[in-house]
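Only one structure is covered here, and it is reproduced in the block below.
The values are calculated or read from the model by the stated rules, or taken from the named source; none is laboratory data. Keep in mind that this is a model prediction, so the values were computed, not measured. Don't worry about glycine lacking a Cβ; one is built from the backbone with ideal geometry, like all the others, and counts go over all protein chains shown.
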Amino acid sequence: MELTQIRHFIAVAEAGGFTKGAQRAAVSQPAISASIARLEAELDVKLLDRRRSPVVPTAAGVRLLEAGKEILHTCNAVKAELKSIATPKLLRIGVLQSLSSSCVSKLLSSFRRANTHVAIEVVDGSCEQLLEFLAEQDLDTVLTIFEGKDLNFASRVLFKEPYMLAVPKDHRFALRESVQLADLEGEPLIVRTRCDFYQDVTDLLAIRRIKTHIVYQTDQDDRALALVAAGIGVALVPAHYEVSSVKQVPVSDLGVSRAIGLLWSHEREVGDLKEFIEFAGSHCWAA
């Protein structure tokens, strides 16, 4: 008994005749008649009452019609599952440029290991760019900073972090429990121009009349931290940046922090996206 024969039998039984059944199965009438005849011969039982119009299943045919539909449903489900394994689904994730590469890579690699059936496509961008991509459904979710103006999307906060002062491990501030903004007076400062609170911090230093000595400006966070490690200067960075030769010191009167989380469209929270949201929420950074 072949799947093709079962399909031919179901087509004729449901259509009520060989001509209409052949049209439904997209084969010729002689071909479908021969297919069902071979099936009846193999099973040694009549499946269709050809004397009636429309053609109807016999008692044996009714049973095969019921079982045949279950068989085809199971086969189609298995084929779909095998296809999904062979061709992974694509989860499109937008990542804010100013997030730590190490932080992001740990999340994505952990999720990928736990969900090998999901292919991931990652896009970097500014907050404005990512929100636009998300609104146009070019992305499934965005890992970004919450700024209180993303009410059109569903959201989940993953972690919060203050801004810290990154200094070389042999710097005089490295042994202190905290510093104040006034301590930055005259200190060589490496500025992260891609910092999300760059203007806020700049304005705060101006209001406090704290004069810093800017020795380097860059939109590359890894370069800023490398220069801190080399002793070129200090930098204000989010707490999740980690470099072995750099010490992060709290700034007691800075008062700047950010919440990092996911944004996505309400109606698309299903399947792989839902798995990713739950996984990110239980990731180690959430603790």
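Is it the case that the stretch 12-34 has a residue that's touching a strand residue (DSSP E or B) at 6+ places or on another chain (Cβ under 9 Å), of a type outside the set (D, E, K, R) and either free of Cβ contacts under 8 Å to residues at least 12 places away in the same chain or assigned by TED's automatic domain parsing to the domain that holds GLY271 (or both)?
No: zero hits.
Taking VAL123 as meeting all but one of (1) closer than 25 Å to LEU225 by Cβ; (2) touching an Asp or Glu at 6+ places or on another chain (Cβ under 9 Å); (3) of a type in the set (Val, Ile, Thr); (4) surrounded by 17 or more Cβ atoms within 10 Å (Cβ to Cβ), write down the number of the exception.
Unmet for VAL123, out of (1) closer than 25 Å to LEU225 by Cβ; (2) touching an Asp or Glu at 6+ places or on another chain (Cβ under 9 Å); (3) of a type in the set (Val, Ile, Thr); (4) surrounded by 17 or more Cβ atoms within 10 Å (Cβ to Cβ): (4).
What strands (runs of 3 or more DSSP E) lie completely within the stretch 220-287 and have 3 or more residues being more than 18 Å from ARG194 (Cβ to Cβ)?
246-250, 257-264
From the set of residues in the stretch 21-70 that are part of a loop (DSSP other than H, G, I, E, B) and under 48 Å from the mean Cα position of the chain (by Cα), which is surrounded by the most Cβ atoms within 10 Å (Cβ to Cβ)?
Among residues in the stretch 21-70 that are part of a loop (DSSP other than H, G, I, E, B) and under 48 Å from the mean Cα position of the chain (by Cα), the one surrounded by the most Cβ atoms within 10 Å (Cβ to Cβ) is VAL27.
Could you list, in sequence order, the residues of the stretch 163-208 that are within 18 Å of GLN248 (Cβ to Cβ), outside any helix (DSSP H, G or I) and of a type in the set (Val, Ile, Thr)?
VAL167, VAL179, ILE190, VAL191
Quickly run through the stretch 187-245 and pick out the residues that are modelled with pLDDT of 85 or more, out of contact with any strand residue (DSSP E or B) (no Cβ under 6 Å at 6 or more places or on another chain) and either of a type in the set (Ser, Thr, Tyr) or in the same structural domain as PHE146 (by TED's automatic domain parsing) (or both).
THR218, SER245
Going through the stretch 256-287 one residue at a time, which ones are of a type in the set (Lys, Arg) and either surrounded by fewer than 12 Cβ atoms within 10 Å (Cβ to Cβ) or at pLDDT 85 or above (or both)?
Across the stretch 256-287, the qualifying residue is only LYS274.
Given the criterion among the acidic types (Asp, Glu), buried (at least 16 other Cβ atoms within 10 Å of the Cβ), over 10 Å from ALA166 (Cα atoms) and in contact (Cβ under 8 Å) with a residue 24 or more places away in the chain, identify the matching residue among ASP183, ASP221.
From the options ASP183, ASP221, the qualifying one is ASP221.
Could you please find all residues in the stretch 1-18 being loosely packed, with under 15 Cβ neighbours inside 10 Å and farther than 18 Å from LYS69 by Cα?
none
Would you mind finding the one in ASP219, ASP183, ASP203, ASP170 that is acidic (Asp, Glu) and touching a Ser or Thr at 6+ places or on another chain (Cβ under 6 Å)?
Just one listed residue meets the conditions, ASP219.
Regarding the stretch 249-257, can at least one residue be identified that is farther than 27 Å from ASP170 by Cβ and either in contact with an Asp or Glu (Cβ under 9 Å, 6 or more places away or on another chain) or among the hydrophobic types (A, V, I, L, M, F, W, C) (or both)?
yes
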